[in-house]
1. According to a simple spin-label model (label point 7 Å from Cα along Cα-to-Cβ), what is the distance in nm between residue 26 and residue 87?
2. Would you kindly calculate the translational diffusion coefficient of the chain, applying Stokes-Einstein with the Kirkwood radius from alpha carbon pairs, for 10 °C and a viscosity of 1.306 mPa s, and quote it in µm² s⁻¹ without decimals?
3. Add -39500 (n - 2.57) for each DSSP H run of 4 or more in the chain, then divide by its residues: what number comes out at 222 nm, to the nearest 500 deg cm²/dmol?
4. Percent relative contact order of the chain, based on C-alpha pairs within less than 8 angstrom and at least six residues apart?
5. Using only the Cα atoms of the range 77-145, what semi-axes does the equivalent ellipsoid have when each is the square root of 5 times a gyration tensor eigenvalue? Give whole Å, largest first.
6. With an 8 Å Cα cut-off and a minimum separation of 6 or more residues, compute the relative contact order for the range 40-120 in percent.
7. Given R₀ = 30 Å, FRET efficiency for residue 53-residue 97 by Cβ-Cβ distance, to 0.05?
8. Can you work out the FRET efficiency for the pair residue 114 and residue 33, with r the C-beta to C-beta distance and R0 = 35 Å, to the nearest 0.05?
Ligand code: HEM
């Protein structure tokens, strides 16, 4: 899977005055709420091949083999986790580096194994977000033992 916890939407807005969408010609009236279809974009195989299969090298440059962070911090129509446009998250590089650091600390210091029957934890929805079921159990062991 591309990422295990997937917000269905990213960003959100409220139309204050009539807004015509150039792409469709449709006009959104004041009071319309909108958001970005992050989940659809991130799980679209045209954007990311085999989106439901974990690929640790997904964001690596195939030529050099080096991790290319631009793929995860550059807002685009296919990468919406940090929003897009002028209001895109200004801390996306910081947030990505913090996430990477925490992830590495966890996998270096602990042996982790999910306690699930079929290898995939149940997914639950809360508002517009997908989460791993909070009751999912996990075996955790210090890697130094
Ligand atoms: C993985 C972690 C994070 C995610 C997924 C995330 C995602 C987002 C998203 C989707 C938006 C809205 C963009 C829009 O409206 O188009 C946003 C806005 C914002 N984020 Fe983050 N964010 C993260 C971490 C952070 C951190 C660590 C900070 C501060 C240190 C931060 C500061 C902000 C600020 C100030 C805005 C408002 C920008 C504006 O309205 O102009 N974010 N973020």
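1. If labels sit at residue 87 and residue 26, their model points lie 1.9 nm apart.
2. Values: Rh = 17.9 Å.
The estimated diffusion coefficient comes to 89 µm²/s.
3. -5500 deg cm²/dmol
4. Values: 191 pairs, mean separation 32.7, N = 145.
Dividing the mean separation by the residue count of the chain yields 23 percent.
5. Numbers: eigenvalues 167, 80, 14 Å².
Semi-axes (√(5λ), whole Å): 29, 20, 8.
6. 18
7. On the way: r = 26 Å, r/R0 = 0.85.
With R0 = 30 Å, the Cβ-Cβ based efficiency is 0.75.
8. Numbers: r = 36 Å, r/R0 = 1.03.
My answer for the efficiency is 0.45.
Only the coordinates and a few stated rules stand behind these numbers; no lab work does. Model, not experiment: these values are computed from the prediction. Ideal geometry is used to build each Cβ from the backbone, glycine not excepted, and the neighbour counts take in all protein chains shown.
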